[in-house]
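> Below is a structure I'd like to ask you about.
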Amino acid sequence: TMRTQGEDVAEALFLMGLRPEWHPKSGRVIGVEVVPLEELEFPRVDITYRTSGFFRDSFPNLMELLDGAAQIAASLNEPPESNMLRRNVMREVEMLAKQGLSREDAFREACFRVYSCAPGTYGAGLPETIDAKAWETSEDLGEVWINRGAHAYGQQVYGARREENFRRRLKDISLVVKNEDSREYDILSSDDFNAYFGGFVCAVKTVSGVQPRAYSGDASDPDRVHNRSIQEESKHIFRSRILNPKWIQGLMRHGFKGAGDLSRAVDISFHWDSTTGIMEDWMYNGLAEKYAFDEKMREWLKKVNPYALQNITERLLEAISRGMWQADQETKERLESLYLEAEGDIEDAQA
C-alpha cells in the first residue's frame, strides 16, 4: 500500500462499484462516491478483507474507508442481481432481525467486511502451528486462522470479536486474491504469504467445504499486470527459483545462513501444501533430489549446517507420513537414512 499508493484499496473499491472522492486542493481521499450502475460492466462485488496487524496500525483511516464503502454499497436501492453485496447483507439482516436485533443493529452487523487480528496482536498463527506439528488436518489450520482473524474493524468499531460473523463471510467466498508489486520476492519467499493467503484459502474451505479459487496478482510491471492461480504461481516459482541451480549456488556462497534459507524453502513449500494442497509429487521429488540426495549438496550441508539437512529430511518425511507426497518406498528409506545420519553427526559434534 505504501509503495503503490493504495493499489489494493483502489481495486477493492472498483469491484464494489465505487471510486475515491478527492479533495480538490490537497489531493487527499476524503471519501468514496458511487459509480452508477449504467457505467459498470459487472455487478457490485461482495468483498471481505483480512488485513495484517501492520496494515491495521499503519492505516486506520483506510480500515474505516473500506468499512464505510461496504456500508454505502449495501445501502444502495438496487436489484440483487446488480448488487451482490446488498443482496448478501439484506439476507443476513433478515436472519439477525429474527434473532432479536433491531434492523439498524442488524444492518451494521451484516455490513462488517474488514477483519484483522485482535488489537495489539499480529500474525495469523499458522507458521507456529505447522512447525510445532500441532495439527492433524487442514481444517485444524483453518480454525486457527479464523480464531486469530475474527476481529472486525471500521467506523466506531476497533477489533470487535465477531467470529460467527466472520464465518458467514468466509462461507460465501469463491475467490481469494493477494497482490504483489515486486518480483524480488514471491509467495514461497516467506511463511507470511501462506499464513495470510494460504490460510485464507484454507479457512474458506474449512467453513464452506469447497476450496475457493485463489489468484496471485503480479503488478511488478504496471503495464503488464498478471493474475495467476496459486497452482500456476507455485509451479512458476519452483521452475524459476526453488529448483534453479543458479539460485541454489547463490545461496551456497552464504554458508550457514544460505543452508538455513534452503531449509526454510522446504518448510515454506510444505506450509503451502498443508493449507492449500498446491504441491505436486514432482515438486517434492525435486526438493529431495536437489536438497538431500545430491551428493555435493549433502556434503556441503553436513559441513556448514547439519541442522539444515536434518530439517530438510524431517520435513520431507513428514510430507510422506501425512500422505501429502506419494513417494516410493526407496525414496522414503533414503530420506530416513539421511535423517538418522544427520542426527548422528549433530550428536557427535555436541559430544
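The values are calculated or read from the model by the stated rules, or taken from the named source; none is laboratory data. Predicted, not measured: the structure shown is a model, and the values here were computed from it. In this analysis, Cβ positions are derived from the backbone assuming ideal geometry, glycine residues included, and neighbour counts consider all displayed protein chains. Protein only, heavy atoms only, side chains kept; ligands, DNA and RNA dropped before computing areas. Shrake-Rupley method; radii C 1.70, N 1.55, O 1.52, S 1.80 Å.
> Which net charge results when you count Lys and Arg as +1 and Asp and Glu as -1 among the other residues whose beta-carbon is under 14 Å from that of residue 211?
Taking every other residue near residue 211 into account, the sum is +1.
> Apply the Karplus parameterisation 6.51 cos²θ - 1.76 cosθ + 1.60, with θ equal to phi minus 60°, to every residue of the range 305-317 and state each ³J(HN,Hα) to the nearest whole Hz, in sequence, with x for glycine and proline.
6, x, 5, 5, 5, 4, 5, 4, 5, 5, 5, 5, 5
> Ok, one more. If packing is taken as the average number of other Cβ atoms within 10 Å across a peptide's residues, how do 52-64, 307-319, 23-35 rank, most packed first?
307-319, 52-64, 23-35
> If I take every Cα pair under 8 Å that is 6 or more residues apart in the range 203-290, average their sequence separation and divide by the length, what percent do I get for the relative contact order?
Computed over the range 203-290, the figure is 19 percent.
> Return the Rg/Rh value of the range 1-57, two decimal places, where both radii are evaluated on C-alpha atoms and Rh is the Kirkwood radius.
Computed over Cα atoms, the ratio is 1.01.
> Principal axis extents for the range 8-112, Cα atoms only, whole Å, descending order, please.
Per principal axis, max minus min of the Cα coordinates gives 46, 36, 22 Å.
> So with the 1.4 Å probe, I'd like the accessible area per residue for the range 111-265, rounded to whole Å².
46 Å²
> Which order, highest average first, do 196-207, 72-83, 221-232 follow once you tally other Cβ atoms within 10 Å for each residue and take the mean per peptide?
196-207, 72-83, 221-232
> While we're looking at this one, here's another question. Could you give me the radius of gyration and the Dmax of the range 260-345, taking only the C-alpha atoms into account and expressing both in angstrom?
Calculated on Cα positions, Rg and Dmax stand at 11.9, 35 Å.
> Apply the Karplus curve 6.51 cos²θ - 1.76 cosθ + 1.60, θ = phi - 60°, to the phi angles in the range 88-99 and return the couplings in whole Hz, x for Gly and Pro.
Couplings: 6, 5, 5, 4, 6, 4, 4, 5, 5, 5, 5, 8 Hz.
> Also: In vacuum, with every alpha carbon of the chain counted as one equal point scatterer, what does the Debye formula give for log10 I(q)/I(0) at q = 0.10, 0.11, 0.15 Å⁻¹? Two decimals, please.
For the requested q values the scattering log ratios are -0.69, -0.80, -1.26.
> Within 9 Å, Cβ to Cβ, of residue 32, how many net charges do the neighbouring residues add up to if Lys/Arg are +1 and Asp/Glu are -1?
Counting the neighbours of residue 32, the net charge comes to -1.
> Which cross-chain or sequence-distant (5 or more) residues have an amide H under 5 Å from the amide H of residue 278, H modelled 1.01 Å from N in plane?
273
> Output needed for the range 135-181: three equivalent-ellipsoid semi-axes, defined as square roots of 5 times the C-alpha gyration tensor eigenvalues, in descending order, whole Å.
In descending order the semi-axes read 20, 17, 11 Å.
> Ignoring any ligand, DNA or RNA, what whole percent of the accessible area of the range 1-107 comes from carbon and sulfur when the probe is 1.4 angstrom?
The C+S portion of the solvent-accessible surface of the range 1-107 is 54 percent.
> List the residues whose amide H sits under 5 Å from the amide H of residue 154, counting only those 5 or more places along or on another chain, with H placed 1.01 Å from N in the peptide plane.
159
> Enumerate the calculated ³J(HN,Hα) couplings along the range 108-118 in order (Karplus 6.51 cos²θ - 1.76 cosθ + 1.60, θ = phi - 60°), each rounded to whole Hz, writing x wherever the residue is Gly or Pro.
Calculated HN-Hα couplings, in order: 5, 5, 6, 8, 4, 9, 10, 10, 7, 6, 4 Hz.
> For the chain, with a Gaussian network of springs between Cα atoms less than 10 Å apart, report the residue from 116, 102, 189 with the top mean-square fluctuation.
Result for the chain, Cα springs under 10 Å: 102 fluctuates most.
> Which of the aspartates and glutamates could a cross-linker span from residue 171 if the Cα-Cα distance has to be under 20 Å and same-chain partners fewer than 8 positions apart are dropped?
46, 67, 81, 92, 94, 109, 139, 140, 143, 163
> May I ask you to order 250-256, 273-279 by the average number of other C-beta atoms within 10 Å around their residues, highest value first?
By packing density, highest mean first, the sequence is 273-279, 250-256.
> Tell me, what does the Kirkwood hydrodynamic radius of the range 248-287 come to in angstroms if you use every pair of distinct C-alpha atoms?
Here the Kirkwood hydrodynamic radius works out to 10.9 Å.
> In whole percent, and with a 1.4 Å probe on the protein chains, what portion of the accessible area of the range 215-282 is carbon and sulfur?
50 percent
> Taking amide H positions as placed 1.01 Å from N in the peptide plane, with prolines and chain starts having none, which residues 5 or more places from residue 179, or on another chain, fall under 5 Å of its amide H?
217
> Just going by the charge dipole of the chain, with Lys and Arg at +1 and Asp and Glu at -1 on Cβ, which of 160, 73, 142 is farthest out on the positive end?
Among 160, 73, 142, the one farthest towards the positive end of the dipole of the chain is 73.
> Which entries of 205/332; 205/290; 178/257; 98/178; 205/235 have Cα-Cα distances beyond 25 Å here?
205/332; 205/290; 178/257; 98/178
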